[in-house]
Structures are given as structure tokens and as C-alpha cells.
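Enquirer: Sharing a structure here in C-alpha cells format.
The values are calculated or read from the model by the stated rules, or taken from the named source; none is laboratory data. Treat the numbers as computed from the prediction; the structure is a model and nothing was measured. Here the Cβ positions follow ideal geometry from the backbone for every residue, glycine too, while neighbour counts run over all protein chains shown.
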Amino acid sequence: MLARDYWKAVTVDRSDLLDRVLALLRESDVRFCVIGGQGVNAYAEPVVSLDLGLVLAADAVERIRPLLEKEFRVESFGHSLNISSAGSDLRVQIQLDPRYQPFIPRASQRNVLGEALPVAAMEDVLLGKIWAALDPGQRASKRQKDLADISRLIEREPKLRSTVPQEILDRLLP
């Protein structure tokens, strides 16, 4: 079974949410990159996730939002737009925090979910995970997942350990 088929089966993506969102972004010439857990999966041993984190070029978000709302269910949260569709357990999360904007030009093509997509640089994916792990507004279970993702990245690339704050390193398993 191909990675893409496996992921579509896991997310029960009968509505082709992933393909439809990516097509809309590409047809609208929106610059974007993958972040979050799927970004980690592009560099480390993959784990199953029902989320796809993206950051879109800031100038495109308001332009693309009405198009997304015509096709999908769009929910606004503090620093994200969450996109979903009936017939899919997949959730596409568009990060709106401006700190992520510099990630886009540093992104490179990598395999994500069986497709070549622009993925934030490993250092940037790690930085996003550090921000998330330090966010007191996040659920405790989400912060634990972020710690595991940080651990996966520094196991893959040990030199990155020096960029992780000591307060996070102290929370990682030895």
C-alpha cells in the first residue's frame, strides 16, 4: 500500500479534502509550506496524524479564505483557520501567527503523505514545535505531542539539540 493510500484510509478522506485544498492553493497561486506534525514526519520516522499544518503567505490568506469557505467548513481560532469537510477525518490547520511567515521562502520540496509538497526547513519545523510546547494556552496532551516531535527531530539531527531551550530539554526523556 502506498503512503498516500494508507493516509487516506486512516483519515477516512472520502471527500478528497487533501487533494481539493492543495488544488485550490495551487490554482490560486498561494505560496505555502507544511509545518507541524506532518512537517516533522517529512524529516523523521513518520507517525500517524489526522492533521495537516500549513502556513500560507500572509497576503494570500484573506484572498483565499472566501474560496475555502465556499468549498469547506472553516473555523477560526486564535492563530489558525481549521478546514474540514464531511466525509473526511482530516483537519487542515492554517497557521496565522506571523512568526511563521519566514518559513515559506526557506521551504523545500519533500514527501508528505505521498505527495511532493513544500515543507518548512527542519530548523523551522523544530522552532514551531518549540513555540507550541511553550504555549501555556495549549492543552497538556498537545504539549506532550509537541515534546515527542521535538525529540524525534533532535534524534534525527543531534546538532539541533543546542537550539532547544533548556526548559524543554529538561522535560524530554533521556
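Enquirer: So, in segment 58-114, of the ones that are of a type in the set (Val, Ile, Thr) and under 24 Å from residue 47 (Cβ atoms), which residue ends up farthest from the chain's Cα centre (by Cα)?
Expert: My answer is 83.
Enquirer: Answer yes or no: is there a residue in segment 125-134 that is under 30 Å from residue 26 (Cα atoms), over 16 Å from the mean Cα position of the chain (by Cα) and assigned to a helix (DSSP H, G or I).
Expert: Taking every residue of segment 125-134 in turn, none turns out to be under 30 Å from residue 26 (Cα atoms), over 16 Å from the mean Cα position of the chain (by Cα) and assigned to a helix (DSSP H, G or I).
Enquirer: Additional query: Scan segment 110-129 residue by residue and report those that are in contact with a helix residue (DSSP H, G or I) (Cβ under 8 Å, 6 or more places away or on another chain), at pLDDT below 95 and of a type in the set (A, V, I, L, M, F, W, C).
Expert: Matches in segment 110-129: 112, 113.
Enquirer: Looking only at segment 111-143, how many residues end up being closer than 19 Å to residue 57 by Cα and touching a strand residue (DSSP E or B) at 6+ places or on another chain (Cβ under 8 Å)?
Expert: Residues in segment 111-143 being closer than 19 Å to residue 57 by Cα and touching a strand residue (DSSP E or B) at 6+ places or on another chain (Cβ under 8 Å): 9 in total.
Enquirer: Oh, and also: Please specify each residue of segment 102-122 satisfying the condition of being surrounded by 15 or more Cβ atoms within 10 Å (Cβ to Cβ) and either without any contact (Cβ under 8 Å) to a residue 60 or more places away in the chain or on the phi > 0 side of the Ramachandran plot (or both).
Expert: Selection gives 113, 121.
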